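A.B. asks: Mind looking over this structure? Questions follow.
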Amino acid sequence: MIRGYSTFIHVGQIHIDVAPKAISTVLGSCVAVCLYDPILGIGGMNHYLLPFWNKNGLQTPKFGNIAIPKLIESMLAKGANSKTIEAKIFGGAMMNPGVNEAMMIGQKNILVAREILSEYQIAIVSEDVGGQNGRKIQFDLERGKVLMKYTPRSDLLSQG
Amino acid sequence: MDTMNGYDEEVTFLSRKLLDLNKQLIESEKAKSRFLSLVANELNDPMTALLGLIPRLKPDEKNSHQAIFGLVHQEALLLDFRIQNLVAAAQIESGEIDTTYASVKPETIVKEAIEDLKYLIQRNNILISIHDTLMRPVISDPRKLYLIVKNLIANGCTYGLTDSIVDISITESSSTLVIAVNNQGDGPKVEFKPQVFTRFAEGLEGEHGLGLGLSIVRELCESLKGNVDYTADKSWVTFTVTLPLETTLPDSDACGSNEFLFESFDDAVEF
């Protein structure tokens, strides 16, 4: 476990940091992409709610097709190497099977992550996605590891 | 089972198609995002310096340049407001804006916004009335709440009738904080709602600004788990912000940061 403080990110946020820091979030149908450059110990995480930005409102990272390229660009701007960056993805649960089954938001969020990462030729080295449980994750930039716990639906009322 | 697989495949196919189409959309909108981020950076620092220097140039009461000084100060404050909106939009788009909760009194925030807009209010001869039935502090993000309220009041004063009233009500309803800003005049038609909350909106009838203020208001409301909507009848326009009332102040925000001590991950799975 991480000793000390960890930066918590909400929906629509992107955070890049370096070892020995940690980044955390809580996910329902939202997806978080965690990128890590193992050579430099630079890591970043986003947390998006929906797969596609459709020109409605600001172009914010609460949409996967905005959040993932922005996360990658921010990592590269901080000095990470595109050839050594690796990805881990989490979330995309079906939180209200009756309600969003038809929309398949979680599934679309996962698909967007896989498609965009593959386009940037960034390998997904591990993932825990889908299902019907929420997740709490903490990205330890010292070791490049993500700690994950499933969480009950009641804990996720205000999360994505 | 086969139907489900077929359904999944269809969704996957359509999502890929949509992703591809959106790529073109994002590309065509890239210039606007770059503009936002560049302008925000380039204008903010000099503006901050100017605002710091202008009060030092204030002439004596009897000096004939007093009126000109007032105008310069007024224009600088209005320009700063627009720049602050550009900065906020750029921060939201870059994913850098976080939420910092604190105990705040909505009426104090409203009064602060009115004070900062006093030149606009005076210029358009607007009478502001505040009805606060909440009359207590709530837990919210003061910076976000200030930007929300300031944009709505500025819109009411700018696009409403001159020599009229802007009425602001602060109430509590079913564990939500409701702030309504009413102004006299023609509002945007309900059929233009999607454009009203879209940046650099086009296609709206009548006078309108950059289309940035309301898109910021909506994003900030959503980041506080609330929403914004409006109604317009023949003589009044009402923009209503609804925010859930948080009951406790997160430990993290008590020390003014977005960092917090996460619970034990002793039994967590490691990836």
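A.B. asks: Shape of chain A from its Cα gyration tensor (a ≥ b ≥ c, root eigenvalues): rounded if a/c is under 1.5, otherwise prolate when a/b > b/c, or oblate?
C.D. replies: It comes out oblate by the Cα gyration axes.
A.B. asks: Which whole-Hz couplings ³J(HN,Hα) result when phi for each residue of segment B:133-145 is put into the Karplus expression 6.51 cos²θ - 1.76 cosθ + 1.60, θ = phi - 60°, listed in order with x for Gly and Pro?
C.D. replies: 9, 7, 6, 8, x, 10, 9, 7, 8, x, 5, 5, 4
A.B. asks: Of all DSSP beta bridges located in segment A:7-156, what percent are antiparallel, nearest 5?
C.D. replies: Here the antiparallel bridges make up roughly 75 percent for segment A:7-156.
A.B. asks: Give the carbon-plus-sulfur fraction of the accessible surface of segment A:86-147 in %, rounded to a whole number; probe 1.4 Å, heavy atoms of protein chains only.
C.D. replies: Summing carbon and sulfur atoms, their accessible area is 46 percent of the total for segment A:86-147.
A.B. asks: What's the longest uninterrupted piece of chain A once you rule out the trypsin sites (Lys or Arg not before Pro) that are loop residues per DSSP with at most 15 other Cβ within 10 Å?
C.D. replies: So the longest stretch without any such site is A:84-160.
A.B. asks: Would you pull out the residues with amide H under 5 Å of A:Ser24's amide H, same chain only if 5 or more places away, H placed 1.01 Å from N?
C.D. replies: A:Thr7, A:Phe8, A:Ile9, A:Phe139
A.B. asks: Three principal axis extents, largest first, for the C-alpha atoms of segment B:102-250, in Å?
C.D. replies: 44, 30, 24
A.B. asks: Now, a different point. Taking a probe of 1.4 Å and counting only protein heavy atoms, give the total accessible area buried between chains B and A in Å², rounded to the nearest 100.
C.D. replies: By this definition, chains B and A bury close to 4500 Å².
A.B. asks: For each pair in A:Lys55/B:Lys111; A:Lys83/B:Lys32; A:Lys70/B:Lys118, compute the distance between the two Cα atoms and list the pairs where it is over 32 Å.
C.D. replies: Result: A:Lys55/B:Lys111; A:Lys70/B:Lys118 exceed 32 Å.
A.B. asks: Another question, then. Explain nothing, just the number: dipole magnitude of the protein assembly as shown about its Cα centre with +1 on each Lys and Arg Cβ and -1 on each Asp and Glu Cβ, in debye rounded to the nearest 20.
C.D. replies: 460 debye
A.B. asks: With a ≥ b ≥ c taken as the square roots of the eigenvalues of the C-alpha gyration tensor of segment B:2-94, please select rounded if a/c is under 1.5 and otherwise prolate if a/b is larger than b/c or oblate if it is not?
C.D. replies: prolate
A.B. asks: By DSSP, what percent of the beta bridges with both residues in the protein assembly as shown are antiparallel, rounded to the nearest 5? Display every interim value, and only then the final one.
C.D. replies: Values: 60 of 75 bridges.
Antiparallel bridges make up about 80 percent of those DSSP assigns within the protein assembly as shown.
A.B. asks: Of all DSSP beta bridges in segment B:102-250, what percent run antiparallel (nearest 5)?
C.D. replies: That works out to approximately 80 percent antiparallel.
A.B. asks: Can you list the lysines whose alpha carbon is less than 18 Å from that of A:Lys145, not counting same-chain residues fewer than 8 positions off?
C.D. replies: Straight-distance partners of A:Lys145: A:Lys21, A:Lys88, A:Lys136.
A.B. asks: Contour minus end-to-end for B:Asp266 and B:Leu21, with contour as 0.36 nm per residue of separation and end-to-end as the Cα-Cα distance?
C.D. replies: 83.8 nm
A.B. asks: Going by amide H atoms built from the backbone, whose H comes under 5 Å of the H on A:Gln13, apart from near neighbours?
C.D. replies: Close amide H contacts, sequence-distant or interchain: A:His47.
A.B. asks: Rounded, prolate or oblate: which fits the protein assembly as shown, taking a ≥ b ≥ c as square roots of the Cα gyration tensor eigenvalues, rounded meaning a/c under 1.5, else prolate when a/b beats b/c?
C.D. replies: prolate
A.B. asks: Still on this structure: May I ask for the distance between the Cα centers of segment B:35-81 and segment A:31-76, given as a whole number of Å?
C.D. replies: Centre-to-centre distance over Cα atoms comes out at 37 Å.
The values are calculated or read from the model by the stated rules, or taken from the named source; none is laboratory data. Bear in mind that the values here come from a model prediction, so they are computed numbers and not experimental data. Positions of Cβ are backbone-derived with ideal geometry, glycine not excepted, and every protein chain shown enters the neighbour counts. The accessibility values were calculated without ligands, DNA or RNA, using every heavy atom of the protein model including side chains. Shrake-Rupley method; radii C 1.70, N 1.55, O 1.52, S 1.80 Å.
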